[in-house]
Amino acid sequence: MSTGAINPFQPTATVTLASSTVSANVQLAKGGESLLITNTTSSLAFVRFGSDATVQATSSDTPILPNSKMLLACGHFVSYCAAILGSGSGSVMFTRGDGSSI
């Protein structure tokens, strides 16, 4: 692919994490170089990535705005994601796949 080319996101699998003001994590399903994070809550979510089940998120990690999505490049070594909400509770979804545009 040439530099600057846009490739539509092609999802392979989604996992849903029940999130709250306490960090929780989930193992990602399938593979792919991209990760689409969907924050379905009305609260700011913070996410962190790791290679094992010990990964924990804090309010210093990557923010995902309420009711929004963010597409990130992540390598094959990322197999777990953690999330914590600024307030309340709800679901944060993590979708593996390939592509650079949603």
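The values are calculated or read from the model by the stated rules, or taken from the named source; none is laboratory data. Since the model is a prediction, treat every value here as computed from it, not as a measurement. Note that we place each Cβ from the backbone using ideal geometry, even for glycine, and neighbour counts take in every protein chain shown.
Quick look at the values:
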{"item": "Candidates VAL78, VAL15, filtered to the one that is aliphatic (A, V, I, L, M), surrounded by 11 or more Cβ atoms within 10 Å (Cβ to Cβ) and either free of Cβ contacts under 8 Å to residues at least 60 places away in the same chain or assigned to a loop (DSSP other than H, G, I, E, B) (or both)", "result": "VAL78"}
{"item": "Residue list for region 57-66, restricted to those being without any contact (Cβ under 8 Å) to a residue 24 or more places away in the chain and not in a loop (DSSP other than H, G, I, E, B)", "result": "THR62, PRO63"}
{"item": "The one condition in (1) surrounded by fewer than 17 Cβ atoms within 10 Å (Cβ to Cβ); (2) modelled with pLDDT of 95 or more; (3) under 12 Å from the mean Cα position of the chain (by Cα) that ALA73 fails to fulfil", "result": "(2)"}
{"item": "Conditions (1) touching a Cys at 6+ places or on another chain (Cβ under 8 Å); (2) not in a strand (DSSP E or B); number of the one not met by ASN25", "result": "(2)"}
{"item": "Selected residue (only one of THR95, THR41, THR54 is assigned to a strand (DSSP E or B) and modelled with pLDDT of 95 or more)", "result": "THR95"}
{"item": "Some residue of region 45-58 being more than 21 Å from GLY99 (Cα to Cα), of a type in the set (Phe, Trp, Tyr) and either surrounded by 12 or more Cβ atoms within 10 Å (Cβ to Cβ) or touching a Ser or Thr at 6+ places or on another chain (Cβ under 7 Å) (or both)", "result": "yes"}
